[in-house]
Amino acid sequence: MRSDPPARRAHLVRGAAVAAATLVSGIGVVAVATQAHAAAGCRADYSVNQWNTGFTGSVTLTNLGDPITGGWALTWDFAGNQHITQGWNGTFSQTGTHVSVTNPAWSTSLATGASASLGFNADYSGTNPAPATFSLNGVACTGSVPTTAPTTTPTTPPTTPPAGTRADNPYAGVKGYVNPEWKAKADAEPGGSRVSNNPTAVWLDRIAAIGGAAGSMGLRDHLDAALAQGAGYIQFVIYDLPGRDCAALASNGELGPDDLPRYQSEYIDPIAAIQADPKYRNLRIIDVIEIDSLPNLVTNTSGQAGATAMCDTMKANGGYVNGIAYALRKLGAIANTYNYLDAAHHGWIGWDSNFGPTADLMLQTARASGDVRNVAGFITDTANYSALREPYFTVATTVNGTSVRQSRWVDWNQYVDELSFAQAFRTKLVSIGFDPGIGMLIDTSRNGWGGPNRPTRASTATDVNTFVDQSRIDRRIHAGNWCNQSGAGLGERPTAAPEPGIDAYVWVKPPGESDGSSTLIPNDEGKGFDRMCDPTYTGNARNGNNLSGALPGAPISGAWFSAQFRELMANAYPPLS
Ligand code: BGC
């Protein structure tokens, strides 16, 4: 994959709106009805994502009363001519306007406070009013339990969340899954055992990876191994969009630009089916969704310096937005999954001209999934090298009266490091409509920038360029460089809740796995040769026509690159002991 691009030009106009003809309205319905002698009570939150002839409906049903065991039924009546064509997370039946949904076979109980999320597709004509009332096991959902004294003994609410209730921060308080395949490669390097017990993500980077490509572990193998390790969370990267990596070549994938149907049925559906296996219900399954894709639609389409024909195609045909919306909906329907959308990094969308439009596209895509709550959070710096913190200057620093924003390195960006960017982007996302509970992840696998070339103090130079170049810990030639960066080190070790708004520092890009080959290497994965991975390449508009800064001798993206792993350990920051 690739995560560069420049795209700072405030005067450039964003291209036409992405082709996802969806209109979203959220309607909270809380109907009431009480029952005199039982502690029954429920809440049903209903929302739709509609177009002119159809819609996707979502119902989050919360049991507010006594625990329900042995099955449940949710019923409602449509007020118009809505007709359900397909439903999920329950068995749907419709007679006339009356709809009944019974529990899925694998989930017969609903503890006090527990929720079930149902979804369906439907057609309609005319208007699409929300149902007035929902009933759970025949009792209308009022949003509260009647105050009339119950005849049954009240149960104490569980002190730990019941299985299937999402944690606010899935990383908090539990240990992460260590991928044994990555660990073995790390352990085989001298000194590798110092870091090989860290959790890294498993990249499902092709359909064959689900079952286990070329003798390697598949999705189930990893989930089973996570159970065996007693892990609390496991991280996957969902990475096989049609027309993947539209602005670069190093991580092009197997699916062509028009392969959205295959993406849905051959890739997302099988992943969702396995992740939904009740055997895994106590694991927090973290799905990092489609690195670089939405940001590419913002910065690398017509009218932008980085425009490519493939990014224009993927914007026009809706393949990225609809593919991601589908992934969010299918994976988000599983009670113990956590979807994190990729939000590039500060050196990509930290300019005002990219920041707001990227957030808007994220919201549009999340809404197209049927419910913005299908998004647990966002990840920045995945497989990139932007420093977590620049300790010797901030975006507000001035040098001899000149702002660091005017330096060649910062180049008018509003952020100089990932932590400030990630926190600000989170604030922006919540302000436009994402759930206030969202959290950010920062990939710190290769952004440590330690070793002998790390500055130890702020420069005393009075020229702004000299000051920034001597003070910055990010030693890249240009912030748009992204492939196998020479001089990089391992960053912060994976840590839960390190800073406000940050769910975790994570190692999503497994250190030691190449970003792309330095020369053309034929392969059957669809991966091309991107000159940004060639150390002799003198660059293009996206990296200010600078050298690529890539290490020589690299294998194709995803393959083990021993020399890089050794350098990452040598330049780790915090240093390895
Ligand atoms: C590659 C994937 C690989 C991942 C993790 C990406 O750049 O395209 O094939 O699994 O990096 O190393």
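Just so you know, all these numbers are worked out from the coordinates, no wet-lab data involved. Here the structure is a predicted model, which means the values were calculated and not measured. Every residue, glycine as well, gets a Cβ built from its backbone with ideal geometry; the counts of neighbours run over all protein chains shown.
Hey, fewest Cβ within 10 Å first, where do Glu567, Glu499, Glu254 land in order?
Working: Glu567 22, Glu499 15, Glu254 18.
Going from least to most buried by this count: Glu499, Glu254, Glu567.
Projected label points at Ala559 and His83, each 7 Å from Cα along the beta carbon direction, are separated by 5.5 nanometres.
Between the Cα long axis of helix 418-432 and the first principal axis of the chain there is an angle of about 30°, rounded to the nearest 10. Treating the chain as a set of equal point scatterers at the Cα positions, no solvent, please give the Debye-formula log₁₀ I(q)/I(0) at q = 0.06 Å⁻¹. Debye intensities relative to I(0), on a log10 scale: -0.32.
Sequentially through region 530-546, phi angles give Karplus couplings (6.51, -1.76, 1.60; θ = phi - 60°) of 9, 5, 5, 9, 9, x, 8, 6, 9, x, 8, 4, 6, 10, x, 6, 9 Hz, Gly and Pro residues having no value and appearing as x.
For His98 and Asp277, what is the calculated FRET efficiency with R₀ set at 35 Å and r taken between the beta-carbons, to the nearest 0.05? Each step should come with its number before you reach the end.
Working: r = 32 Å, r/R0 = 0.92.
For R0 = 35 Å, the calculated efficiency reads 0.60.
Once the Cβ-Cβ distance of Ser431 and Arg408 is raised to the sixth power relative to R0 = 41 Å, the FRET efficiency obtained is 0.85.
What's the exposure ranking of Asp259, Asp245, going from fewest to most Cβ atoms within 10 Å?
Working: Asp259 20, Asp245 27.
Ascending number of Cβ neighbours within 10 Å: Asp259, Asp245.
With a Förster radius of 35 Å applied to the C-beta separation of Thr398 and Ala570, the computed FRET efficiency comes to 0.50.
Principal-axis analysis of the Cα atoms of the chain puts helix 319-332 at an angle of about 50° to the longest axis.
Across all directions of projection, what mean area in square nanometres is found for the Cα convex hull of region 179-289? Its average projected convex-hull area is 7.9 nm².
In this simple spin-label model, placing a label point 7 Å from the Cα along the Cα-to-Cβ direction at both Arg262 and Asp524 gives a separation of 1.5 nm.
Our helix-only sum for the chain, with -39,500 (n - 2.57) per DSSP H run of n ≥ 4 divided by its residues, gives a mean residue ellipticity at 222 nm of -5500 deg cm²/dmol.
Of Lys175/Lys279; Lys175/Lys509; Lys315/Lys509, which pairs sit farther than 20 Å apart, going by alpha carbon to alpha carbon?
Checking Cα-Cα distances, Lys315/Lys509 exceed 20 Å.
Across region 384-392, rounded Karplus estimates of 3J(HN,Hα) from the backbone phi angles (6.51 cos²θ - 1.76 cosθ + 1.60, θ = phi - 60°) give 10, 10, 4, 4, 5, 9, 9, x, 9 Hz, Gly and Pro being marked x.
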